1. What number of residues within region 296-318 are of a type in the set (S, T, N, Q) and not in a helix (DSSP H, G or I)?
2. Restricting attention to region 249-301, report how many residues are open to solvent by less than 10 Å² (accessible area, probe 1.4 Å), modelled with pLDDT under 95 and aliphatic (A, V, I, L, M).
3. Would you confirm whether any residue within region 311-329 is free of Cβ contacts under 8 Å to residues at least 40 places away in the same chain, among the hydroxyl-bearing types (Ser, Thr, Tyr) and open to solvent by 20 Å² or more (accessible area, probe 1.4 Å)?
4. In region 216-241, what count of residues is obtained for those that are at pLDDT 95 or above and either surrounded by fewer than 20 Cβ atoms within 10 Å (Cβ to Cβ) or not hydroxyl-bearing (Ser, Thr, Tyr) (or both)?
5. Restricting attention to region 234-250, which residues are part of a helix (DSSP H, G or I) and of a type in the set (D, E, K, R)?
6. Between residues in region 281-305 that are in the same structural domain as Val372 (by the TED database) and residues that are open to solvent by 10 Å² or more (accessible area, probe 1.4 Å) and aromatic (Phe, Trp, Tyr), which pairs lie under 6 Å by C-beta distance while being six or more apart or on different chains?
7. If only one of Ser99, Ser103, Ser94 is under 25 Å from the mean Cα position of the chain (by Cα), within 25 Å of Gly222 (Cβ to Cβ) and assigned by the TED database to the domain that holds Gln144, which one is it?
8. Which one is nearest to the chain's Cα centre (by Cα), of the residues in region 106-123 that are over 13 Å from Asn62 (Cβ atoms) and in a loop (DSSP other than H, G, I, E, B)?
Amino acid sequence: MERLVAAVLAAGVLQVLLATADDHYLLSRIAFGSCANQSAPQPIWDAINKFDPQVFIWLGDNIYGDIRRPFIFLGKERTIGPWQNAPRFIPSSSSEMLSRYNSAKNVPGYLRLRAKAKVVGTWDDHDYGLNDAGKEFSAKSTNQRLLLDFLDEPQDSPRRKQAGVYTSYTFGPPGKQVKIILLDTRYHRDPLSSDGSVLGDSQWSWLGKELRGPLSAITIIGSSIQVISNLSGTTGPLFYMESWGRFPKERDRLFKLINDSKRDGVFFISGDVHFGEITRYDCAAGYPLYDITSSGLTQAVEKVLPSPLRFIVRFLAWFTPSTMRVKNQNCRYRSCTYGEPNFGAIQINWDASPVNLKIQVRDINGLPVTGVDISLSELQAWNRTIKAGQDQRHCTLEVKLPWIVRYRLAILVYSVLALLLLALVGLICAVTLACRVCLKKCKTD
């Protein structure tokens with residue numbers, strides 16, 4: 001118990017010291033992650049601590065604060081199916097949210113990390129308070145305070161006075177500065193499929209000032225939802241995932257803002273989807289825009305199936321078309337996705353010429369499962385006249401694919417279901433026929 005108290009005090013002191021020394025802190029190791037259920041075991045902190053990051057970035061779902069109700073097909077309250085009349089997720093009370101934050105904050109591995117690294121972060125839907133919620137959620141102001149308390153945000157911080165948790169940090173001496181911009185994709189977000197706003201007017205204005213402000217060698221933009229990938233364009237109508245791609249006007253606005261700012265060295269990090277991958281878009285800023293997705297620290301898509309059947313998830317991930325995913329020799333699986341617990345790791349070699357970035361998604365043992373090695377010179381505008389849509393690698397949006405390719409996952413699933421249904425009908429007919437033959441024989445005897 002004394003060690004835990006000492007670790008908490010050390011973490012608090014470290015946060016204060018780092019907060020006052022951002023401008024001089026040469027940053028070379030950053031870790032990030034998302035989707036950490038406070039009620040689940042969290043052994044992945046051992047690998048994160050072994051990586052020894054100077055900064056750790058939460059990208060949302062830092063806790064699971066809402067209440068997930070079971071699948072109910074029949075009865076008064078039905079939470080699934082075309083006849084659904086009750087929500088699957090409901091918000092919990094502020095006291096319950098606080099209790100869950102306290103549980104998350106006192107995980108031993110996370111305590112060790114807080115004692116030696118600066119922790120920053122934003123939120124996603126489950127720590128915002130409700131699955132898939134946006135600006136309509138009534139408890140957002142209260143939950144904003146709870147998140148900032150969890151992050152040890154100073155009481156006089158501007159984040160405690162503004163509508164939303166967006167913020168930025170700058171680390172390092174002149175010429176070697178790293179700027180981290182954390183977006184809030186919840187507080188002002190319009191309803192899904194509305195093609196409305198993701199950030200809201202005030203946050204857009206702030207983001208423009210941040211990107212047009214003093215230059216930095218590297219700029220990392222943290223978004224709780226994926227920016228580059230739009231898998232909903234290829235997984236629908238089976239299921240849909242949240243992403244900037246579901247707000248195409250907003251995503252185009254974001255790309256244009258980066259391009260117009262003439263800011264080099266920009267890339268994204270994201271979470272939310274319960275698997276890890278790296279995507280890129282080559283036709284937005286005059287240089288490739290990468291999005292490194294790490295999700296989750298505990299939640300992972302392969303966990304929906306027992307171990308012997310997890311190859312099915314990997315096959316479906318490979319079979320689902322993705323025009324933006326980076327596929328190279330660094331991938332553990334053929335799909336270049338990773339559906340087990342993972343975290344993101346960024347290493348910056350300032351001594352290399354040009355500066356080199358090694359960005360990876362790592363597993364629970366700290367081993368890479370996918371990654372890219374990028375020279376900082378690759379993230380500089382070599383031709384500002386490039387227009388989005390030109391024939392370049394990673395320029396074709398998922399929604400522009402031929403329909404037979406775009407919907408091949410749905411075609412496969414519906415075909416398998418149709419075959420199973422036919423097999424079931426055939427089996428019923430065969431059993432019925434056999435029963436009739438038996439009855440006829442019995443009567444004859």
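The values are calculated or read from the model by the stated rules, or taken from the named source; none is laboratory data. Source: prediction; values computed, not measured. Neighbour counts run over all protein chains shown; Cβ positions are idealised from the backbone, glycine included. To get the accessible areas, we keep the full protein, side chains included, count just its heavy atoms, and leave off ligands, DNA and RNA. Shrake-Rupley method; radii C 1.70, N 1.55, O 1.52, S 1.80 Å.
1. Number satisfying all stated conditions: 2.
2. 1
3. No; the residues of region 311-329 include none that is free of Cβ contacts under 8 Å to residues at least 40 places away in the same chain, among the hydroxyl-bearing types (Ser, Thr, Tyr) and open to solvent by 20 Å² or more (accessible area, probe 1.4 Å).
4. Of the residues in region 216-241, the ones at pLDDT 95 or above are 216-228.
Still in the list and also either surrounded by fewer than 20 Cβ atoms within 10 Å (Cβ to Cβ) or not hydroxyl-bearing (Ser, Thr, Tyr) (or both): 217-218, 220-222, 225-228.
Of the residues in that region, 9 qualify.
5. Arg246, Lys249, Glu250
6. Ala284/Phe255; Leu289/Tyr281; Val301/Phe275
7. Every option except Ser103 fails the conditions.
8. My answer is Ala117.
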